[in-house]
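The values are calculated or read from the model by the stated rules, or taken from the named source; none is laboratory data. Not measured: the values here are computed from a predicted model. Note that we place each Cβ from the backbone using ideal geometry, even for glycine, and neighbour counts take in every protein chain shown.
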Amino acid sequence: MNFRHFFLKDPKRMWPEATMLVAPLAVLFILGPDIYPNQSIFLELAVFIMLADALNIVYGYTGYLPFGFGVFFAIGAYGTAILISHASWPVAPAIIAGACFAALLSLLFTPLLRLSGAYFAISSLAAFEAFYLIFSNTQLTSLTGGPYGISFTQVYNANLDYSVAAVLAIASAIVVLVISKSTFGIALQAIREDRFAVELAGVSSLRYRTYAWLISSFISGIAGGLYGWYQGFFYPEAVFNLTEFSVLVIVFVLFGGKGTVFGPVVGTVILFLVYEILTITFSNSLLIIFGLLLVVLILFIPNGIEPLLRKAADLLLYPDGRD
Amino acid sequence: MVHRYRGDKTGSSSTAATPGGSGAGKGRSARKALIAVIVVIVIVVAGATAYFLTRPSGTSQQYITIGTLYASSGSFALSSGYQLAGLKLWINQTNAQGGLMVSSLGKKLPLKLIALDDQSSTSTATTLYTNLITLDHVNILVGDFGSTLTAPAVAIAQEHHVLLFDPTASTPGFFTATNPYIVDLSILVSSEWPLVLAHYLISQKTNISRVAILYLDQAFTTAQAQTLDSTLVTAGITPVYYQSTSASSAAEYSTLLQSINATHPQAVLNFGYDTNDIAFYSALSANSMHFNFTFTIYSGLEYSLLHAQTPAGSLNYTYTYASPPAVQYTNVNLGPTTAAFVSNWTSTYGSSPNFNNIAGFNAGLLIGKTIETAGSLNQTAMRQAVNTLSGNTTTLEGPFVINTTTGAQIGMPMDLLQYQPGSSGLKPVVIYPTALATGTAVYPAPAVVVSSTPLNSPAVVSAESYYSISTSALPASALWLQYDDGIAVSGVNRN
């Protein structure tokens, strides 16, 4: 297999889009904490961008929706915490190893990829719950902290964590861009459109989905490690949080436009910041307002905002309506 | 996928113009609209930037800002609201007296509360704690109710060198020698709570040998269950049932109770939060089950809520921790006595306070005393001031004693009480430790349903009873409460 061709079909043609991805995100992450001096918001934004990109790879490009997707995030957080607190690993290798644990777990789950539709979604949810119970079990207190939570505040470094998270959030967006332009990405999209046709053409759809699954879980694990590092001390329910690290991420991806490069990033930036603004200013009615907002958005832009952005870009670049 | 805007290198926009003028006209108007939107966004961002970068930051101290979180929804909403109400009362009373004296400024400053709603979400709490520190620049940071919602603040407070005043988070893991920026004000570390219960059961006063322990899979409840289990096992009583649960409904507790009943326990000990205890008693009643000894945590901490939300007679002859307001401290040297507080609260709000109301108020009392002792709002000075209060301060919640290295609370002990129905209502009778007992236990609990009525005749406890051992000289892991049966308990994590 020609890996360069497999992943980088035409590198030169990526530069414009890469610039359009990197520049706004870099500006956002550099100026954001100066404009609104709450670093945790922008760190969480970086984490959610990584999660949205990771989900986009497996859901947007292959069409498989893992409802319990957040399990990889949690494994990454716990892997990092355990290696730091028990084995005194430095942070960087601990986060990478935590992400590797998440990827290994995804390998364990590969039989789930033989399922489809609701069966796949539900089985991944069951896996999420199973691992939550394992990690919060008192029998594993000496390793995971069990229900008492796990602490590794000795390496807490909010500024460094933020810088790394910002860089990796941008990197995850680039990964999605590379995939979208690669033979690999085209294969994934073909699988999404018609898995059986792909199989008939002699391509192993399971193998390609496994690759996507691995990359996605690794990025989620990295995000989890960075989030755990920022928390310093967390309980199982803080990282095994289905609403925030699975459902909310799915909403972000859908809102932005699944299976696109810009959609999940833009969707996450807009919806996450709206969510945070509502949290700070209208906390009492946050869920009502946010829920209504989602209903309206889904009703009027069911395909996400990415197509609208493309249309807007067309209007800017080709004002006379050239198609 | 077609990426039109990337465009071909040869074409120009004009060569592919849509035939007819209407398409071009629509394109132009849409373009203008888009440009207008971009301009508006740029203006808003620039304005916000200018505002945040140029806003005044060095204004003179006009008041003391107290920042805290509360949960208006979610699993901790009830208890969080109770705690906040107690804190608010202290703030109102302090402001009515002109505020707090800050000697370094040479004047009294009024208190200003900034309370943000985390909705019982830890990630929201992370954002809001940071907001309180970096945007609101609060002078005093107070944690939300319980360990779960306080956990996000621990590392953030330490990072920003802000002292976290913790009213009700009791997880031992929060308190380490390397973090001086946290102090537990109003609650004994959770692993210590069940010692009194364990001692009572071990002392064979009831000849109980078959014990069932059911606990919620949260840090606060698991710590208690594990302490109790290990203590009982060490004393030769191996629980016949020991199970964690995430149950929250009466239906789920019904299933669990069937399993418990099959083990024929003499004592059933359920460790949960308020909503769990309500579900537990509802399931007990629905299944017409009765045990000789039934213990829950929140029937003591939030009696009024449990009484109102559980079937009639559910709390009769049940056991719980004896804590204020059921236990009332008379010999206090900071703030009102428990009785005076209860009276004031009842006249102000028209209902009796519960433990978390008192914990919130007690936290306020100690914060005020800390500021006045420190003489400034310097975080390090306040931490040192808290240490000086430890061991010689008694409030309406009992003796304030902390591990001065870690900030963990080892005072404010829990006793054991039983609710005994009488002619004028349920009476909380402290049954253990014996030296403090106001009566004796009725065991086994009569299997008759008597409608319970509001609490009366609180037990009165003199705080001095607890100082049979000097606390200052003890290491962090030592047991300082001396129970009258002389049974020693070791291996309890008190760091």
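Some values worked out for this structure:
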{"item": "Residue ID - nearest to the other protein chains (Cβ to nearest Cβ), chosen from residues in the stretch A:11-32 that are surrounded by fewer than 19 Cβ atoms within 10 Å (Cβ to Cβ) and under 17 Å from A:Ala165 (Cα atoms)", "result": "A:Leu31"}
{"item": "Condition met for A:Ala54 (out of contact with any strand residue (DSSP E or B) (no Cβ under 7 Å at 6 or more places or on another chain), at pLDDT 95 or above and either assigned to a loop (DSSP other than H, G, I, E, B) or surrounded by fewer than 23 Cβ atoms within 10 Å (Cβ to Cβ) (or both))", "result": "no"}
{"item": "Given (1) buried (at least 23 other Cβ atoms within 10 Å of the Cβ); (2) at pLDDT below 90, index of the condition A:Leu206 fails", "result": "(1)"}
{"item": "The listed residue being in the same structural domain as B:Phe145 (by TED's automatic domain parsing), in contact with a helix residue (DSSP H, G or I) (Cβ under 8 Å, 6 or more places away or on another chain), under 21 Å from B:Ala71 (Cβ atoms) and not aromatic (Phe, Trp, Tyr), out of B:Ile278, B:Ile182", "result": "B:Ile182"}
{"item": "Subset of the stretch B:94-149 (residues that are surrounded by fewer than 20 Cβ atoms within 10 Å (Cβ to Cβ), within 11 Å of another protein chain (Cβ to nearest Cβ) and either of a type in the set (A, V, I, L, M, F, W, C) or out of contact with any His (no Cβ under 8 Å at 6 or more places or on another chain) (or both))", "result": "B:Ala115, B:Leu135, B:Asp136, B:His137"}
{"item": "B:Thr178, sole failed condition from (1) within 11 Å of chain A (Cβ to nearest Cβ); (2) touching a residue at least 12 places away in the same chain (Cβ under 8 Å)", "result": "(2)"}
{"item": "Conditions (1) within 25 Å of A:Gly256 (Cα to Cα); (2) among the hydroxyl-bearing types (Ser, Thr, Tyr); (3) within 14 Å of chain B (Cβ to nearest Cβ); number of the one not met by A:Ser116", "result": "(3)"}
{"item": "Which numbered condition B:Leu87 fails, given (1) modelled with pLDDT of 90 or more; (2) within 14 Å of another protein chain (Cβ to nearest Cβ)", "result": "(2)"}
{"item": "Output for the stretch A:268-323, where each listed residue is among the acidic types (Asp, Glu) and at the interface with chain B (Cβ under 9 Å from one of its Cβ atoms)", "result": "A:Glu276, A:Asp314, A:Asp320, A:Asp323"}
{"item": "The one condition in (1) surrounded by 15 or more Cβ atoms within 10 Å (Cβ to Cβ); (2) modelled with pLDDT under 90; (3) over 30 Å from A:Ala238 (Cα atoms); (4) within 12 Å of chain B (Cβ to nearest Cβ) that A:Leu177 fails to fulfil", "result": "(2)"}
{"item": "Test: B:Gly98 is in the same structural domain as B:Lys369 (by TED's automatic domain parsing) and in a helix (DSSP H, G or I)", "result": "no"}
{"item": "Verdict on A:Phe48 being within 13 Å of the chain's Cα centre (by Cα), in a helix (DSSP H, G or I) and among the aromatic types (Phe, Trp, Tyr)", "result": "yes"}
{"item": "Every residue from the stretch B:270-294 that is assigned to a helix (DSSP H, G or I), of a type in the set (Ser, Thr, Tyr) and closer than 14 Å to B:Thr320 by Cα", "result": "B:Tyr281"}
{"item": "Some residue of the stretch A:42-50 being closer than 19 Å to A:Ile95 by Cβ, touching a Phe, Trp or Tyr at 6+ places or on another chain (Cβ under 8 Å) and of a type in the set (Asp, Glu)", "result": "yes"}
{"item": "Selection from the stretch B:319-347 of residues that are free of Cβ contacts under 8 Å to residues at least 40 places away in the same chain and under 18 Å from B:Thr434 (Cα atoms)", "result": "none"}
{"item": "B:Ala312 being farther than 23 Å from B:Phe220 by Cβ and either in contact with a Ser or Thr (Cβ under 7 Å, 6 or more places away or on another chain) or not hydrophobic (A, V, I, L, M, F, W, C) (or both)", "result": "yes"}
{"item": "Qualifying positions in the stretch B:150-174 - of a type in the set (A, V, I, L, M) and part of a helix (DSSP H, G or I)", "result": "B:Ala151, B:Ala153, B:Val154, B:Ala155, B:Ile156, B:Ala157"}
{"item": "Any hit, the stretch B:235-249, residues being assigned to a helix (DSSP H, G or I), surrounded by 16 or more Cβ atoms within 10 Å (Cβ to Cβ) and polar (S, T, N, Q)", "result": "no"}
{"item": "Members of the stretch B:60-71 that are in a loop (DSSP other than H, G, I, E, B) and either at pLDDT below 90 or more than 14 Å from chain A (Cβ to nearest Cβ) (or both)", "result": "B:Ser60, B:Gln61, B:Gln62, B:Tyr63"}
{"item": "Filter result (under 19 Å from B:Ser147 (Cα atoms) and either in a helix (DSSP H, G or I) or without any contact (Cβ under 8 Å) to a residue 24 or more places away in the chain (or both)) within the stretch B:212-234", "result": "B:Ala219, B:Phe220, B:Thr221, B:Thr222, B:Ala223, B:Gln224, B:Ala225, B:Gln226, B:Thr227"}
{"item": "Matching entry among B:Asn356, B:Asn316 (being in the same structural domain as B:Leu185 (by TED's automatic domain parsing), under 30 Å from B:Leu269 (Cα atoms) and touching a residue at least 60 places away in the same chain (Cβ under 8 Å))", "result": "B:Asn356"}
